[in-house]
1. If each of residue 40 and residue 53 carries a label point 7 Å out from its Cα toward its Cβ, how far apart are those two points in nm?
2. What is the count of Lys pairs in the chain whose alpha carbons sit under 17 Å apart, if the two are 8 or more places apart or on different chains?
3. Accessible area of the range 25-110 with a 1.4 Å probe: how many percent of it is carbon plus sulfur?
4. Residue 32 label point, 7 Å along Cα→Cβ, cut-off 19 Å on backbone N: hits in the range 55-80?
5. Efficiency by 1/(1 + (r/R0)^6): what FRET value for residue 142 and residue 15, r their Cβ-Cβ distance, R0 = 30 Å, to the nearest 0.05?
6. Pop a pseudo-label 7 angstrom from the Cα along the beta-carbon direction at both residue 161 and residue 64 and give the gap in nm to one decimal.
7. I need the Debye-formula profile for the range 30-144: one equal scatterer per C-alpha, no solvent, reported as log10 I(q)/I(0) at q = 0.16 1/Å, two decimals.
8. Say R0 is 25 Å: what FRET efficiency, to the nearest 0.05, do residue 171 and residue 97 get from their beta-carbon distance?
Amino acid sequence: DGAIMLREAELPTGVPYLIAIQPRPHFDLVVAKRRRLELRHLQILYFLNDCGSSTADEVVRLLNQSLKRTELVLRDLVEAGLVTRHRNRFTARSVSKVFVAKRIIAIEAKMRAWREALEQATANLWFASHSYILIPALNCLQLIREEAKKLGVGVLVFDGKQTRTALHSRKHPIPASYGSWLINEWAMGQLK
């Protein structure tokens, strides 16, 4: 359905087997300027998105950043069309306009270590709207489903021929962190 797939993307919390990004139908695409963005840009962008309008001095104080670096990052974010500036205040643009991902689905695959898969799938919620484990058909599926449900994680079962959903993931809001923005920008790179 037009999903963008990322295999084994290296993130600070691990390497999910697969990440599927379902893009929004409409968003502002300013790819050239966004390709220059680094992790520090996405951290400040997430901060502005989460906290609202701020001055460069507030960003420096609250995120423990240098003023010179913060000013450069904010300038880049304005040039990329992700942030607006009004006098000395910076505001993140509406997520619906600039955030490509409608859904970010993380899938953690394990053959036997389902508890480890659940731990990683839970860790993936720092960036994903939906997180799943993918396991073979196991005798303890009911126990796995119960544990996954407590965590808000879904369960996919592969029987050797097809994959079925044994439990749907709870939906979590995105962007959930700068990790969501990181995945979003990787998806942007796939669009152009």
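The values are calculated or read from the model by the stated rules, or taken from the named source; none is laboratory data. Because the structure is predicted, anything quoted here is derived from the model rather than measured. Note: ideal-geometry Cβ built from the backbone for every residue, glycine included; neighbour counts use all protein chains shown. Surface accessibility is based on the protein's heavy atoms, side chains included, excluding ligands, DNA and RNA. Shrake-Rupley method; radii C 1.70, N 1.55, O 1.52, S 1.80 Å.
1. Computed distance between label sites residue 40 and residue 53 equals 2.7 nm.
2. Close lysine pairs found across the chain: 6.
3. Exposed carbon and sulfur together represent 49 percent of the surface.
4. 75-80
5. It comes out at approximately 0.55.
6. 5.6
7. After summing over all Cα pairs, the log10 values are -0.78.
8. After rounding to 0.05, the efficiency reads 0.75.
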